[in-house]
Every structure is written in C-alpha cells, then in structure tokens.
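*Asks:* Can you read through this structure? Questions will come right after.
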Amino acid sequence: MNKTIEIQINKTANSKLPHTDFENLAFGQTTSDHMFIADYYDGDWHGMRIEPYAPLSIHPANATLHYGQSVFEGLKAYKNKEDEVLVFRADSNFRRLNESARRMCIPELPEEIFMEGMARLLELDRDWVPARPGCSLYIRPFIFATDEYLGIRPSNKYKFMILTCPVGHYYAKPVSVKVETRYTRAIEGGTGAAKAAGNYAGSLYPALQAQKQGYDQLLWTDGKTHQFIEESGTMNVMFVINGKLVTAPTTTGTILKGITRDSVLILAKELGMQYEERFISVSELQDALEKGVLEEAFGTGTAATVAHIQRIHVNDKDYVLPEKPRDSFSYKVLTILDDIKYGRREDAHGWISKY
Ligand code: COI
C-alpha cells in the first residue's frame, strides 16, 4: 500500500457513547458513531468519506435488493493495556474481500481505501473499542451493488462501506450442532468460498429447522454426497480425534478460507500439535464419538473466535462431549490467540496492526 487517499470527515454532533451500555454488549446490536463510505462509478472509486452513522436511502430497484450482489468481511479491533488499538490480520481480510468480490463480479477495492478508511474510522471512534476482557470492536467492511436497474447483469455502481460495533462474546456458552444431510450450504463450482451475502441467506432456513429442534447450529456436509463435514454454522470446524487435529481442506471452493482457521493451524504447528487438512466423513465422526476418541470439536471464526462444541447430533443420535480441560488444544490455542490480539503476547507473526 503506497498511495494516500483523501477522506472527507463529517463528525457527529451527537455521540451515542454516553448512552451505550458497554457491560451488556450483544453481538451486532450496537453500532458506533461513524461509518466509512466510498462509491464506485465510471470504472473507479470516488468520494471517500466518513459520516455520522445513519440509515441509507435505497432505490426500490437497487440491484442488491433483487439479485444479492454483495460481499462482506469481519475483523476485530482490541485495546491493549497501553490503550492502543490493535487490529488482527487486516491484510488477510482485505485480500479475501477482493477474492469474494471477483467471484461476484464486483470491482476490486484498492488496498489504500480499505486500510486508510478503516484507520481513520478507528481513529475517530477509538473510544468505541471496548477495554474490557472478551470484548472488541467488530469491523464490518462490505461492498454492494447500487445500480437502479431491474435487468440482470453485474451492476455498474457499488458502495463500499465500513461500519463498526462494540461486541462481547458471540456464543455465551458451548454450542450444540446437528449434522445436516438434506440441505446444502455450498457446492463445487458455487460461491461457498466467497463471503457473499447470499450464502448466509440460503443457510437461514436449514439453521432455523435445527434451532427449532434445540440445536444452535448445523454441521454442514458436502452438497454432492452429504457424507463429508465441511463447516459449522458460519464457522470453519475442527476436531481433535485421537490426539490429532483434523479440519476440512479449502481446496474444493466450498469452504470459506477462514482467517481464524489459518491462525489456529499455524499455532498448532508451533505447538507441536499434529494436524491434517482432510475431509472427515459423517460415519468417521460418528465412529469416533461412539468410541469416545473424539476429544474436542470447535468452530473457528472472527465473530466467535473458537467456539467449543458440546453436543453433536448425528444420524438420530445425540452425543455429549466431555468438558474441555484447561490443557485441551482448543483452550490453549484460544488463550494464545487472545493474548496476541490483546497485546499480552509478542506478535511473532506480524498479525497485529496498531492504531
Ligand atoms: C464472522 O465470523 O465474522 C462472520 O462472518 C460471522 C457473521 C455471519 C456473524
């Protein structure tokens, strides 16, 4: 990134900070004071600006409303004890945003717009980064089509925006999941690897069916055979079986290339934990549960970080996993990740940028 960009700043006269309850932060309900906006038209990005957080006015024929041409990212900012703002792996989120954009025929975003837009927004709203343990400022960059046209083709106009929300834990307790063998999240050749809005819309109905049966989320299987585990809810999923970490590979284009997933695998290597990126079948999973050799199961994602799975439903049977001791791999790796993110541990990987 070497270009600098001009950003117009219009500060709010009415900060919501004094009315915000930082002790009770539900995920995604509270937004901070400002938002970043850039517009794409005539083949380039224009009008970089920060404005008071406010609703947008949308044309009824807006292309995103009708055809869902929209991609997003999620990353987090943390406060260290010196009151500095630390952001985890922003470069990876930037790259993935453009990978998603390419798949959805959305023009790529220049790195300086992403990075400077975020930096200026964090500067302005730094008091919105919670200083309390377990809390952070969730950063949501997104791009969506803004053509006012009902014909179907890639839009000629887009908006890139960043909004931020102070958040606490995504899951307050370990989660229960159900293996899904009817509905499909992604299929080879589809959009599963993109962080595209439509992927999440399509997952809502199956997830709701599972929630009605008392499960928090689904364990998605592959769309062709429904025999292999791919993801869990909106997270990547990992298992420890007989002391070895196993997670699905991201080579089929059906699985999101999770940044937390990647970080966990890097740390696993450093911790001397054996791991395999390979597909695990539903029957292997059930067999491991039956034999009691499935030691740990957890989801990984930006919002949830490492979410312990406590109950798994497979082929009409519920299996409850034992409580995770403090020396389990998932606890260890979560602690290391948190220590890096909150600046309590050396950032040996260059994952942190400071603001
Ligand atoms: C994230 O982990 O950032 C996600 O995208 C999950 C989100 C759908 C809440």
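The values are calculated or read from the model by the stated rules, or taken from the named source; none is laboratory data. Note that the structure is a prediction, hence the values are computed from the model and not measured. Glycine gets a Cβ as well: all are built from the backbone with ideal geometry, and neighbour counts include every protein chain shown. Note: accessible area is taken over every heavy atom of the protein model, side chains too, but ligands, DNA and RNA are not part of it. Shrake-Rupley method; radii C 1.70, N 1.55, O 1.52, S 1.80 Å.
*Asks:* What is the local net charge at Asp42, summed over the other residues whose Cβ is closer than 14 Å to its Cβ (Lys, Arg +1; Asp, Glu -1)?
*Replies:* Once positives and negatives cancel, what remains is -2.
*Asks:* Can you tell me, using C-alpha contacts under 8 Å and at least 6 residues apart, the relative contact order of the stretch 129-231 as a whole percent?
*Replies:* Relative contact order comes out at 24 percent.
*Asks:* So, by mean Cβ neighbours within 10 angstrom, what's the order for 11-22, 92-103 with the highest one leading?
*Replies:* 92-103, 11-22
*Asks:* Report the trypsin sites (Lys or Arg not before Pro) located in the stretch 104-205 that are in a DSSP loop and have at most 11 other Cβ atoms inside 10 Å of their Cβ, or state none.
*Replies:* Taking the stretch 104-205 and a limit of 11 other Cβ atoms within 10 Å, the loop trypsin sites (Lys or Arg not before Pro) found are Arg182.
*Asks:* Could you pull out every residue, at least 5 positions away or on a different chain, whose amide H is within less than 5 Å of the one on Glu231? Hs are placed 1.01 Å off N in the peptide plane, and Pro or chain starts have none.
*Replies:* Those qualifying (amide H under 5 Å, at least 5 residues apart or on another chain) are Trp220.
*Asks:* Which of Asn93, Met104, Ala248 sits closest to the plus end of the dipole of the chain, meaning its Cα is farthest towards the positive end, when Lys and Arg get +1 and Asp and Glu get -1 on the C-beta?
*Replies:* Of Asn93, Met104, Ala248, it is Ala248.
*Asks:* Of all trypsin sites (Lys or Arg not before Pro) in the stretch 285-341, which ones are in loop regions per DSSP and have a Cβ with at most 16 other Cβ atoms within 10 Å?
*Replies:* Passing sites in the stretch 285-341 are Arg326.
*Asks:* Averaging sequence separations of C-alpha pairs under 8 Å and six or more residues apart, then dividing by the length of the stretch 304-355, give the relative contact order as a whole percent.
*Replies:* Taking the mean separation of contacting Cα pairs over the length of the stretch 304-355, I get 21 percent.
*Asks:* Got a number for carbon plus sulfur as a percent of the stretch 232-355's accessible area, 1.4 Å probe?
*Replies:* With neighbouring chains kept in place, the figure for the stretch 232-355 is 46 percent.
*Asks:* Next question, about the same structure. Work out from phi, with θ = phi - 60° and the Karplus expression 6.51 cos²θ - 1.76 cosθ + 1.60, the ³J(HN,Hα) of each residue of the stretch 50-57, listed in order in whole Hz, and give x for Gly and Pro.
*Replies:* Running phi through 6.51 cos²θ - 1.76 cosθ + 1.60 with θ = phi - 60° gives 10, 10, x, 4, 7, x, 9, 9 Hz.
*Asks:* Continuing with the same structure: Residue by residue, what Karplus-based ³J(HN,Hα) values in Hz, rounded to whole numbers, does the stretch 168-182 have, using 6.51, -1.76 and 1.60 with θ = phi - 60° and x for Gly and Pro?
*Replies:* Residue by residue, the stretch 168-182 yields x, 5, 6, 10, 6, 8, x, 9, 10, 10, 10, 5, 9, 10, 9 Hz.
*Asks:* Keeping to pairs on different chains or 8 or more places apart, tell me how many lysine pairs in the stretch 175-341 have Cα atoms under 16 Å apart.
*Replies:* Final tally of qualifying lysine pairs is 11.
*Asks:* At a Förster distance of 22 Å, what's the computed FRET efficiency of Gln213 paired with Val320, Cβ-Cβ distance as r, to 0.05?
*Replies:* Plugging the Cβ-Cβ distance into 1/(1 + (r/R0)^6) gives 0.90.
*Asks:* How much mean residue ellipticity at 222 nm does the chain get from its helices, if each DSSP H run of length 4 or more adds -39500 (n - 2.57) and you divide by all residues, to the nearest 500 deg cm²/dmol?
*Replies:* Result for the chain: -7500 deg cm²/dmol, rounded to the nearest 500.
*Asks:* Within the stretch 184-269, report the chymotrypsin sites (Phe, Trp or Tyr not before Pro) that DSSP leaves as loop and that have at most 11 other Cβ atoms within 10 Å.
*Replies:* Hits after loop and neighbour filter: nothing returned.
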